[in-house]
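Below is one structure, written out as structure tokens; the observations come after it.
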Amino acid sequence: MLRIRTREDEFSVRAPPKNSPAMLSQPRPRRAAFIHVEVLTVVAIVGILFALLLPAEQSARKTAGRVSCGNNVRQFALGCL
């Protein structure tokens, strides 16, 4: 006779205690881990993003230096008046 599983069947099954012989004889499931290709891919993507960000950061520094220099000249001119 074929029995249809219900939701109650899923919740009524209890796992054996951790120290029981049934639990010790079962093989451990493998942990999910990153493989080398995934790690190298992430490192490459971070390197590309850093390479794209570096020129923009240098340009922002140059612009900030130019603004600061112009502000210093303006403050000097106002101080001379």
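Each reported figure results from applying straightforward, stated rules to the coordinates on display, with no laboratory input. Worth saying up front: this structure is predicted, and the values here are computed from it rather than measured. Here the Cβ positions follow ideal geometry from the backbone for every residue, glycine too, while neighbour counts run over all protein chains shown.
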Quiz prompt | Per-residue ³J(HN,Hα) for the stretch 40-52, Karplus 6.51 cos²θ - 1.76 cosθ + 1.60, θ = phi - 60°, Hz, x for Gly and Pro | solution = 5, 5, 5, 5, 5, 5, 5, x, 5, 5, 5, 5, 6
Self-check item: Where chymotrypsin sites (Phe, Trp or Tyr not before Pro) fall in DSSP loop in the stretch 29-81, at most 15 other Cβ within 10 Å
Solution: 34
Quiz item: What is the extension gain from residue 54 to residue 34, computed as 0.36 nm multiplied by their sequence separation minus the C-alpha to C-alpha distance, in nm to one decimal?
Solution: 4.3 nm
